[in-house]
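Heads up: the structure comes next, in structure tokens.
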Amino acid sequence: MRELAAIAVFALAVAAVPAFVTSGYALNVVIMTLYAALLGQAWNILGGFGGQFSFGHAVFFGTGAYAMAVLQVKFGWNAWAALPAALALGGAMGALIGALSFRYGLRGSYFALVTLAFAEVFRILANTFDFTGAGVGLMVPLAATAARMQFASPAGYLYLILGFVVAGFVVSWWLKHSRYGAWLQAVRDNEESAAALGVDVFGVKLRAIVISGVLMAAGGAFYVQYLHYIDPHIAYGLGASVEALLAPIVGGMGTVWGPLLGAALLHALGETTRNLMGDAPGINLAAYGVVLVLMVSFMPRGVMGLFQARGAARGSTHA
Amino acid sequence: MTQPKRSTRRRFLRHSTALAAGAGVLGFPAIVRAQSGPIKVGVLHPVTGFLAYSGNLSRLGARIAIDEINAAGGIKALGGAKIEAVLGDAQSKPEVGVAEVEKMNQGGVSAIVGAYASAICLATTQAAAKYNIPHVVDVGVADQIVERGLKNTFRFAPGYKVVSQEAINYFHIMNTLAGKPARTIMIIHEESLFGTGTANLLSRELPGLGYEVKEVIKHANPTRDFNNIVLRIKAVNPDIVIPANYYNEYALLLRTMKQQNVQPKAIFSVLGGAASSFKFVKEFPDVANGVIDVNHWYNPKDKRALALRKKVEGMKEFFTYEVFLNYQCVHLLADAIERAKSRDRDAIVNALASSTWSGHFMPYGPTQFVNGQNQGARPLVLQVLQNDIKVILPNTYAQTEPVFPWKA
């Protein structure tokens, strides 16, 4: 319950940000951090809680993004009506990929490669079909009105992405505390033992990938509404997949707060290196890379791992 | 267990103070749009990532122009105020471009020049529009950039519709003058916005003039093996091959054609990534010779262009369209600031909208912006001849006659 309260405090605190911060730059940083956190949460459900490492989460991201864009541009849907459809399609994509790969017992690097391959296949399909705009991509017409999920002020986008992130938090919290979450973590820790104890391994993993797909699709839908343009490379390229797994790996996999912490750290690091070394092209990225390598090497359990270790040490001292 | 449990409230207060301080640093840097001192201009390009080569050349062009303007006494209408470049890196990603625009707005830029790639320009122009920051688009050939009614967006160079249309007209003229040796065409294009858009337009328009588009082949970015595509060209045996792709793929396609001894009557490219590049001509002279391209180009009879070319080559860089378009865009902007007599964004937007600037070396005539597009902007037809790039059409700018059909 304390964790739920913390989530509520976090949501209220972030919701209050636009009241105090007027700078578009700062709000954009907050929005993009929350966006990275959302992608991270989506990945974390399957990768962190479920132990199924995906290298192709872009497939869900792209599906959400394209659903949002195609329904609006080609079918004239309102963005608010398109959103549930985009989320459902993201989930359906999860069910499809999950059913195909888990049915055949793909795990570890095989599962990672299959997800990567699916993302690539969809990138090529999006590049080919006319209804996705093929290589030209799709552009959502500008209309800065909340009725079309476009906002004149960054605060609107902040509330939208915050809504998704809070949903991600609640799902993560539920995974940590529910029977289903226990099954999922049991599958992660030892699939055979879980199966021997009567856990429906296939069903558990399938549900995880569907939830993960829905959240990732929300990220894609947000991208389209925020930047109004999508093409096959942005939607199904490696970028989105890597962004999704980076935040939880840095922050701490299989934890509720890890993805947000990772996203915040990565953004802080990215902005700092960019601001400090702006004029020499690439130096900031090199610095970013070095810090990332150090973090992953010396904090294999992510930043949350440090807190947990401290907590454990404190616990043992006082026990 | 005698120790009290960690004081969550105290910890919370400590953390929230830190957070608030952080928010303060991020949130309230005074928006410095000073009324004196240098005029800040955002120079925003993808200088890292897969577009880094073009992005760095773009940045170079803009910086040369800024240095020249400052050396010549700055903006005279503002008491010789200097232009200060606020450099930005879009990292070849639209969302990073947007973040840079936000940062530049915070930093108080009066205008932005950039951002090379169409997908990035779409995002940055829109982000700049929120603050009415005048955004001069340097290259970004997608026409949607200037079709969305953004009042702050101005494109000096032509979009791909104009370029493709002109390419079709010039090709038809050239072919007719040569006695119509070419009838069949094959288009090889890259998969993104620019290649696909160009290919669609060409394959729609060319049949109307009596040409048969035998096949349109799309390839990915990057593609490192063109053997199959060239085998296909060999099998179809078109009179003309039209490539629309970026530098590496363009160069590889032509090299593979050479290796497999495929020689159509002309390689006629539209916005060809390598054809109008001195780098390509220098690195692969035997492959480049004879190639025709319709592209952004300067008036070859204008001494200022030749002087700039010499200067850029003196810096051991190639004089590409990225360089001279950005150079000109900064000068266009400087002219607008001069006439606006103000560093105010609204005033500069108005000055750009009413711009009739003719102090450039492009074949455009005085600038005239309608919905943000410079109406006179057009490409020239170029051919690589004797290891140099020559203008062959239209006659007003031509340095030599076209060699068509090409005999290797």
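Structure values in brief
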item	result
Residue-wise HN-Hα coupling along the range B:229-246, computed from phi with Karplus coefficients 6.51, -1.76, 1.60 (Hz; x: Gly, Pro)	4, 5, 4, 5, 4, 4, 5, 6, 6, x, 6, 10, 10, 10, x, 9, 8, 7
For residue B:381, residues with placed amide H under 5 Å, excluding near neighbours	B:392, B:393
5 angstrom amide H check on residue B:40, placed H, neighbours 5+ away	B:84, B:110
Virtual spin-label span in nm between residue A:19 and residue A:159, 7 Å along Cα→Cβ	1.3
Karplus-derived HN-Hα couplings along the range B:368-376 (A = 6.51, B = -1.76, C = 1.60, θ = phi - 60°), whole Hz, x at Gly and Pro	8, 9, 10, 6, x, 9, 5, 5, x
The range A:253-308: relative contact order as a whole-number percent, Cα under 8 Å and 6+ apart	41
Share of alpha-carbon pairs per 10 Å distance bin for the protein assembly as shown, given as whole %	3, 14, 23, 23, 18, 12, 5, 2, 0, 0, 0
Calculated FRET efficiency for the pair residue B:284/residue B:310, C-beta based, R₀ 25 Å, to 0.05	0.60
Among B:224, B:378, B:339, residue whose mean-square fluctuation peaks in a GNM of chain B (springs only between Cα atoms under 10 Å)	B:224
Relative contact order computed over chain B (Cα-Cα under 8 Å; 6+ residues apart), in percent	17
Straight-distance crosslink candidates among lysines, where the alpha carbon sits under 26 Å from residue B:407 and sequence neighbours closer than 8 are dropped	B:180, B:214, B:234, B:258, B:265, B:279, B:282, B:390
Modelled FRET efficiency - R0 22 Å, residue A:88 with residue A:109, Cβ distances, 0.05 increments	0.15
Top positive-direction residue, dipole computed over the protein assembly as shown with Cβ charges, set B:53, B:189, A:127	B:53
Nearest-0.05 FRET efficiency for residue B:400 and residue B:258, computed from C-beta distance (R0 25 Å)	0.60
Of all DSSP beta bridges in chain B, antiparallel share, percent nearest 5	25
Mean shadow area of chain A, taken as a quarter of the surface of its Cα convex hull (nm²)	18.2
Cα-based Rg of chain B normalised by 2.2 N^0.38 Å, two decimals	1.12
Choice from A:197, A:206, A:265 with maximal GNM fluctuation in chain A (Cα, 10 Å cutoff)	A:197
Segment residue A:306-residue A:152, length gained on full extension (0.36 nm per residue, minus Cα span)	51.4 nm
Sequence-distant residues sharing a close amide H with residue B:244 (under 5 Å, placed H)	B:188, B:189, B:190
Translational D in µm²/s for the range A:184-300 (Stokes-Einstein at 37 °C, 0.692 mPa s, Kirkwood Rh from C-alpha pairs)	195
Karplus 3J(HN,Hα) series, Hz, for the range A:38-49 with 6.51 cos²θ - 1.76 cosθ + 1.60 (x for Gly, Pro)	5, 4, x, 4, 4, 5, 4, 5, 7, x, x, 7
Contact order relative to length of the range A:2-247, as percent, for alpha carbon pairs under 8 angstrom and 6 or more apart	42
Charge-dipole axis of the protein assembly as shown as Lys and Arg at +1 and Asp and Glu at -1 on Cβ define it, positive-most pick from B:268, B:396, B:376	B:376
Helix-derived mean residue ellipticity, 222 nm - over the protein assembly as shown, DSSP H n ≥ 4, -39500 (n - 2.57), to 500	-18500 deg cm²/dmol
Point-charge dipole on Cβ atoms (K/R +1, D/E -1) for chain B, about Cα centre, debye to 20	1280
The protein assembly as shown, dipole about Cα centre (Lys/Arg Cβ +1, Asp/Glu Cβ -1), debye to the nearest 20	1300
Positive dipole terminus of the range A:2-247, leading residue within A:100, A:84, A:30 (C-beta point charges)	A:84
Cα Rg, Dmax, the range B:335-408, angstrom units	17.9, 57
Length added when fully stretched, residue B:212-residue B:76, from 0.36 nm per residue minus Cα-Cα	43.4 nm
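Read-outs: derived from the displayed coordinates by stated rules, not from any lab. The shown structure was predicted, so the numbers you read here are calculated from the model rather than taken from an experiment. Don't worry about glycine lacking a Cβ; one is built from the backbone with ideal geometry, like all the others, and counts go over all protein chains shown.
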